[in-house]
Structures are given as structure tokens and as C-alpha cells.
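**Student:** This structure is in C-alpha cells; I'll ask about it shortly.
Here, each number is a calculation from the coordinates, and none is a lab measurement. If you're wondering where the values come from, they're calculated on a predicted model, not measured in any experiment. Don't worry about glycine lacking a Cβ; one is built from the backbone with ideal geometry, like all the others, and counts go over all protein chains shown.
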């Protein structure tokens, strides 16, 4: 039988055991924090941080004829922003008219003369019209990333709460560029040393 430990030795064992547990916790916590550094960065910054000091934004009334590939849409009757006009809308409308008229060009020739509101009504009738997705300047960039993914949109208007005006349009490219500007000052996560295939990003099988 082992002789019982005296009081001092027992306390020493407790201290050493506690330090080992603390070391293991710190190692695990440090890895967790390092891997989450980019999401933590996005949580710490607001959408306002991406708004330039000087910027111009073109806004179209829905009563205007079609003629641009990207713009926020203003409903003069409702006095509010109702959506975004993007190249995807053009493709959906062209596809719709092609299905309806086949190889005939009668319906497609006059598309540019249609009002934007007419297009929106047709998209709404087919269930393709999405609700207006936007974010506030005080919301975090992390929330913006979540909304871009959730709503499956490529452009997210930043709407001022007091005036209701659109101050800026957030995109994936602008978010990544903002992160890139500070990337050298941030700890490097372990997953940055892996390939896209190792991370399960993309399609690698037929």
C-alpha cells in the first residue's frame, strides 16, 4: 500500500492538476478563437464602416421604362423602396417571354418599352418576386453576410433608419475586400492552410 500523502503534497498535486486543466482549456480556446477570427471581425464591424465618405446612387421609379441592369426601385405611389432591379430579372423576363412566344419575336421586341412595374407584376404573379431585403447601417457585417446567404441575393441595400434612404449597396465583393484590407493584421486561422477540397467547398464529383 502507498503511504498517504501529507497535506502539502496533496495541495501541490491539486495545483499541478488545476494548471494542466487550465493549459488544456487555453489551448482549445485559442484554437477556437483563431478559427473564428473572421466571423469575430465581421461581428465587430458595422455596415456603416463600409459606406464611403462620398458616393452616388441611381434610383429608378417603377413607372420608368426598362433600361438599366442594376438599381434600387422606388414606388412613387407607396413612397417607399420596393426592391432591386438586377440582371437576374432581365433573364427571368426573357425566359418567360420566350416560353410564351417560342421563337417569335413579337413579345420580346417591345420589352424595353415596358414599365418596370409591369415586370414586377408579372414576376409576382409567377411567384418569382422576392420581398425587398435590406439592412441598417448599425447592423454588423456578420448580419449582412447572413442575410446575403439567407435571402440568396448578391446585392444588399443599406437603408438609413431615420430617412429611409439607401446609403450604400453591400455586395460579396465589397465585404471580402474590406476583410482583405485587415487580413494581415488578424491571426491566421488553421483552415486557411487547407485546400477548398479539404474544406468541402465546391463540387469535386460527377
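**Student:** Go ahead and run the numbers for FRET between residue 203 and residue 54, Cβ-Cβ distance against an R0 of 41 Å, rounding to 0.05.
**Tutor:** E(calc), rounded to 0.05, equals 0.50.
**Student:** Please compute the length gained on full extension between residue 194 and residue 146, using 0.36 nm multiplied by the number of residues separating them and subtracting their Cα-Cα distance.
**Tutor:** That works out to 14.9 nm of additional length.
**Student:** Once the piece of chain linking residue 136 and residue 161 is laid out straight, how much longer is it, given 0.36 nm per residue of separation minus the C-alpha distance between them?
**Tutor:** Full-extension gain reported as 8.3 nm.
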